[in-house]
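Read through the structure below, which is laid out as structure tokens, and then see the notes.
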Amino acid sequence: MPIAPPAPRLLTRKAHRQFLLNQAVALVDFFQTAAFNPKGGFFILSSEGKPLPPQPQHQGVERQIHDTSRMVHCFAIAHQLGLPGADRTIDHGLDYIWRRHRDLHHGGYFWGVDDAGATNPSKQAYGHAFVLLAGASAKVVGHPDADRLIGDVTEILHKRFWQKDFGAAVDECSADWSTTNPYRGQNANMHLAEATMAAFEATGDKTYLEMAIRIAALIINRHARAQSWRVAEHFDAQWTVDRAYEGDPMFRPRGHTPGHALEWSRLLVQMWQLAGQCHAWMIEAAKALFLNTVKIGWDHGQGGFFYTLDWQDKPDQAERFWWPCAEGIGAAAVLGQVDDDPQFEEWYARIWGFVRNHVIDEKHGGWHPELDAHLHPVSRVFVGKPDIYHALQACVIPLVPATGSLTKGLTDPQVLAAL
């Protein structure tokens, strides 16, 4: 019997590409009007897509800096896709970052603010990384305030967070910069690598790319390689792995987190391309992180990625969150562009199948952020529909070449013509 030829890759099929674009548009529609807070910044939305009410201790709704900044980044993508009304969201977010999140006295950006002022005045590298990403994305779409924001947050990052001797950033400082938390975390540094690559593409300043490479060399080429391609999350002040650390279940969970290994896999392909494909370890690490993570982090019975694993690779927090699936989609898509190993195509299809069947909320819109062990939506770590960032990128990253950042890729007229 003759052997059937291999099926065309999903990303070569018009119907699949239309599916991705439809999902992206649906996400923008879900957030664009409902999340817009007329008093500044953005609401977090309920499962039904309505603004969550203020918590009793806050004057109005609290806004956290990463949420505000991610909205700017995502609506820069929406602007590039040609979706009407996106510009208002970009303007609104940048204005709130500059006027309300920015600390006019000590410099830097407050983690949380409400209508009366700072609710959490700490200065966190994670939040500052997203401010830089917002500025870079705004610059790519030509916003007049982008350079001001990029310049300000870059100065803060170099002066207050960056540790040149280690090639990474400290995690958290007090509001007046008088104390620095001895905790060091990979999550903030991973997003700083993402943001500095975007800033390099937006500005042409190679200092940003050098920062990203140094972070990846420490977190991945040194530590993840030593942990058999598991991404250690927590470190002490000397950047020694702290396996016993147990912190916040959302941002600093114990054990290791499959979703972050997938996220790094995607970012390393981008970094390898931006650095001229001259660092072979980057593409080696990107493949190894992905293939090890789908082996140990995917529930091979029901599907989905476990949120966290212990150091024996047993599920620690067995809930399935939306964002590891989104990152798995992005990583599989970019790896499939640079390597013809059929495993990447197979996993791309498998993860999208799980998302389509269990994560996309057909009734209310958006994506369910959290599923229990039986794949039922729950609200244990997350409440409502927390943000658009991961899901939107999962829909759009596969549509652009794996040669740089998403926003920069969408400046290519040929890419836009194919959408």
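The values are calculated or read from the model by the stated rules, or taken from the named source; none is laboratory data. Since we're looking at a predicted model, the values are computed, not measured. No Cβ is skipped: glycine too gets one built from the backbone with ideal geometry, and neighbour counts run over all protein chains shown.
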- Task: Say whether the condition of being in a helix (DSSP H, G or I), modelled with pLDDT of 95 or more and within 30 Å of Leu399 (Cβ to Cβ) is met by at least one residue in segment 98-121.
- Result: no
- Note on the structure: Scanning segment 215-264 residue by residue, the ones that are assigned to a helix (DSSP H, G or I), of a type outside the set (Val, Ile, Thr) and touching a strand residue (DSSP E or B) at 6+ places or on another chain (Cβ under 7 Å) total 4
- If you go through segment 347-369 one residue at a time, do you hit one that is farther than 26 Å from Ala35 by Cα and in a loop (DSSP other than H, G, I, E, B)? no
- Query: Does any residue of segment 143-153 turn out to be within 24 Å of Leu392 (Cβ to Cβ), modelled with pLDDT of 95 or more and within 19 Å of the chain's Cα centre (by Cα)?
  - Reply: yes
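Does segment 28-36 contain any residue that is in a loop (DSSP other than H, G, I, E, B), surrounded by 13 or more Cβ atoms within 10 Å (Cβ to Cβ), at pLDDT 95 or above and touching a strand residue (DSSP E or B) at 6+ places or on another chain (Cβ under 9 Å)? Steps first, answer last, please.
Initial filter on segment 28-36 (in a loop (DSSP other than H, G, I, E, B)): 33-35.
Checking which are surrounded by 13 or more Cβ atoms within 10 Å (Cβ to Cβ) leaves us with 34-35.
Cutting the leftovers down to at pLDDT 95 or above gives us 34-35.
When the remaining residues are screened for being touching a strand residue (DSSP E or B) at 6+ places or on another chain (Cβ under 9 Å), the result is 34-35.
Yes, segment 28-36 contains a residue that is in a loop (DSSP other than H, G, I, E, B), surrounded by 13 or more Cβ atoms within 10 Å (Cβ to Cβ), at pLDDT 95 or above and touching a strand residue (DSSP E or B) at 6+ places or on another chain (Cβ under 9 Å).
Applying the selection to segment 265-314, what residues are among the acidic types (Asp, Glu) and part of a helix (DSSP H, G or I)?
Step one: of segment 265-314, the residues among the acidic types (Asp, Glu) are 284, 299, 310, 313.
Within segment 265-314, Glu284 is the sole residue that qualifies.
Can we say Thr89 is part of a helix (DSSP H, G or I) and either within 19 Å of Ala199 (Cα to Cα) or free of Cβ contacts under 8 Å to residues at least 24 places away in the same chain (or both)? Lay out the reasoning, then the answer.
On the way: part of a helix (DSSP H, G or I): yes; either within 19 Å of Ala199 (Cα to Cα) or free of Cβ contacts under 8 Å to residues at least 24 places away in the same chain (or both): no.
Judged against the criteria, Thr89 is not a match.
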- Query: Only one of (1) modelled with pLDDT under 95; (2) within 20 Å of the chain's Cα centre (by Cα) is not met by Ala224, so which one is it?
  - Reply: (1)
- Check Glu319, Glu246 and return the single one that is acidic (Asp, Glu) and touching a Leu at 6+ places or on another chain (Cβ under 8 Å). Glu319
- Task: Taking Asp152 as meeting all but one of (1) out of contact with any Gly (no Cβ under 6 Å at 6 or more places or on another chain); (2) touching a residue at least 60 places away in the same chain (Cβ under 8 Å); (3) acidic (Asp, Glu), write down the number of the exception.
- Result: (2)
